[in-house]
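Taken together, the values in this text are just the output of simple stated rules run on the coordinates, not laboratory data. As the structure is a prediction and not an experimental result, all values here were calculated from the model. Note: ideal-geometry Cβ built from the backbone for every residue, glycine included; neighbour counts use all protein chains shown.
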Amino acid sequence: MEETIKTLLEKKLEDVTVILKDPRNDGVHLEAVIISPSFTGLSLLNRHRKVKDSLKELFTKELHALSIKTYTTLEWREKHEK
Amino acid sequence: MKSKEERFLEIEKKINENSICLFMKGNKEMPQCGFSAKVVHILDTLKVTYGAFDVLTEPFLREDIKEYSNWPTFPQLYINKEFIGGCDIVVELFQTGELQKLIASQTTI
């Protein structure tokens, strides 16, 4: 599942970095940090739409719980320089 | 059986009649998923009145709303007839204070 998520996002989002976590170690409740310059200028809703659209085929069946956090490349850099 | 058009009109009615409208799994008292529970908790913390609809109990509602909002997961929150997003968005907006602003703006209408 984690590989599929990564592959789909890499295919659909420009220059993307995906950090996937499985905090409960159950393979079901996953968390994704997604960094891509393609989020620049998009509202939070539209960023999430972009991600959800990319993963649409997974939500109809096996993907049950994915938390998403999105950053532009610049936001990610700023967050880590603090 | 109701046509899809009638069912979509019913969804719209719920959104129009509840300035804060939550489509969730389970109900306020007993959410059936962690994400729905989180949004209920946030709205309860803000002490606002909102309409909550359990998409697991009404036939068609679950699939219809996904299509209506073009959003594949639950919960789904509407404020002032506008689609706000799912759990992650609500949490982020709550943390930045944006959600509180959106809610404050709905009371003036």
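So the values come out like this:
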read-out: Dipole magnitude of the stretch B:4-106, debye to nearest 20 (Cβ charges: Lys/Arg +1, Asp/Glu -1, about Cα centre); value: 220 debye
read-out: Average beta carbon contacts from partner chains per residue of B:53-63, 10 Å cutoff; value: 0
read-out: Phi to ³J(HN,Hα) by Karplus 6.51 cos²θ - 1.76 cosθ + 1.60 over the stretch B:65-80, Hz, x for Gly, Pro; value: 5, 4, 6, 4, 8, 6, 9, x, 9, 10, x, 9, 10, 10, 10, 6
read-out: Prolate/oblate/rounded label for the protein assembly as shown (Cα gyration tensor, a/c 1.5); value: prolate
read-out: Furthest towards positive pole of dipole, B:34, B:15, B:57, structure part chain B, Cβ charges; value: B:34
read-out: Net charge dipole size for the protein assembly as shown [Lys, Arg +1 and Asp, Glu -1 on Cβ; Debye, nearest 20]; value: 180 debye
read-out: The protein assembly as shown, helix-only ellipticity at 222 nm - DSSP H runs n ≥ 4, -39,500 (n - 2.57), divided by all residues, nearest 500; value: -13500 deg cm²/dmol
read-out: Cβ crowding within 10 Å averaged over residues, with A:48-54, B:54-60, B:85-91 ranked highest first; value: B:85-91, A:48-54, B:54-60
read-out: Within 10 Å of each Cβ in B:82-89, the average number of Cβ atoms from other chains; value: 5
